[in-house]
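Heads up, the thing below is written out as structure tokens.
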Amino acid sequence: MKHEPAPEPGPGDALPPTTWQGWQQFVDLPPPAPPDPGAPPRSVEERLAYHSDFVTVRTPAIDTISTTVRTLMVLGRHQRATARPSLIVTGPPTTGKTTALLQVGRTCHLAETARTGIRDQMPVTYILVPPGASAKTLAAEFARFLGIPITHRMTQAQIMTSVCDTYTRAGVRLVMIDEIHRLNPRTSTGAEATDLLKDLTERITATFVYAGIDVTTTPLFTGTRGAQLAGRATLIDCDTIPARRGTSQPFRDLVAALEACLDLERHRAGTLPRLAPYLHARTGGRIGSLARLLRQAAITAILDNTERITKTSLEAITLDHLAEDNHRPRHTISPSTRRRSGHRDGPPARAEQP
């Protein structure tokens, strides 16, 4: 059975960026932009579509990743003897790792195309590690991105040879691998998949960037294989955004930047930055949760014709489970509840001594 290339997209269809067609579509499509001052108002459908996709606010993490990737690409461009230096982007869930990766990949793609002047080259690839990945299924994901035809009868070595030859001819310069935390080198299949990645870094003349959830706490950094990875990779932590950092308020600044991008008819500027402490507690400082909360609130405001976001409207939204679980208040047991449930009131606990 042959591995079929992705189907031609229909009008308005968005292909995933894990195929070349989808990646090219992602790069070519202009990113969403807030309304220009003085421009005619957009329709309800246009504004709903805008808040569904929404802007990507430039964060310090994106800037750091972008600078590091650009430096590593230059550093390894003419390196031949060993694997080129790589980058690992790690952090808790919903802290913007994938968003940062995609934006940096888009920037690198456009910069490389402008540098070479070759419009139809393939300088960047974006791969997802499949669940329970084996070396062969991971190699197949590399083949799938460029539409390399493979069959079930092909051996892993044959797929690898085809992938490396095609990636070299296509001029791939940056390989981005997401969901790297799915690899477990303590299992036989995970060890083989990890070794495959090491082989690819030595056979493809490209810079490799990995992203995953809390990578340093996974088995990826253990044993001989982990030591090799740690010895070759720079680590950038996309952590939650603090409410304060010295005299600055980075989370409040982020809220203000997102508010400035809203397209609502009656929203009062400055409302959301004043709610920054509440929003930080509500989202745990996770940019993914914050963006979802504001996008959902904006869409609701358009649909119910209020056209503004308030704390009341934010409270009415149920966010992702991780954010809700962190924000949920911990209720104490009242004396009457204790009596009904058979609890007995004991003496007050002594305060711990410092």
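Here are a few things to note about the model shown:
- Flag set for residue 230, criterion: within 21 Å of residue 71 (Cβ to Cβ), of a type outside the set (D, E, K, R) and surrounded by 13 or more Cβ atoms within 10 Å (Cβ to Cβ).
Each row is one residue, and each column tells you yes or no for (1) part of a loop (DSSP other than H, G, I, E, B); (2) closer than 17 Å to residue 181 by Cα.
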position: 92; (1), (2): yes, yes
position: 98; (1), (2): no, yes
position: 104; (1), (2): no, no
position: 114; (1), (2): no, no
position: 118; (1), (2): yes, no
position: 130; (1), (2): yes, yes
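- Single match in 144, 84, 153 (criterion: in the same structural domain as residue 177 (by TED's automatic domain parsing) and free of Cβ contacts under 8 Å to residues at least 12 places away in the same chain): 153
- Cβ-Cβ under 7 Å pairs, at least 6 apart or on other chains, region 103-127 side of a type in the set (Asp, Glu), far side buried (at least 17 other Cβ atoms within 10 Å of the Cβ) and not in a helix (DSSP H, G or I): 112/123; 112/173
- Taken over region 59-98, the residue count meeting the criterion of being more than 15 Å from residue 240 (Cα to Cα) and not polar (S, T, N, Q) is 18.
- Candidates 193, 298: the one that is modelled with pLDDT of 95 or more and among the small types (Gly, Ala, Ser) is 298.
- Qualifying residue in region 104-114 (condition: surrounded by fewer than 17 Cβ atoms within 10 Å (Cβ to Cβ) and in contact with a Gly (Cβ under 7 Å, 6 or more places away or on another chain)): no
- Here region 10-27 is the region considered, the condition is being out of contact with any helix residue (DSSP H, G or I) (no Cβ under 8 Å at 6 or more places or on another chain) and assigned to a loop (DSSP other than H, G, I, E, B), and the residue that is modelled with the highest pLDDT is 13.
The values are calculated or read from the model by the stated rules, or taken from the named source; none is laboratory data. All values reported here derive from a predicted model rather than from experimental measurement. All Cβ positions, even for glycine, are placed from backbone atoms using ideal geometry, and neighbour counts span all protein chains on display.
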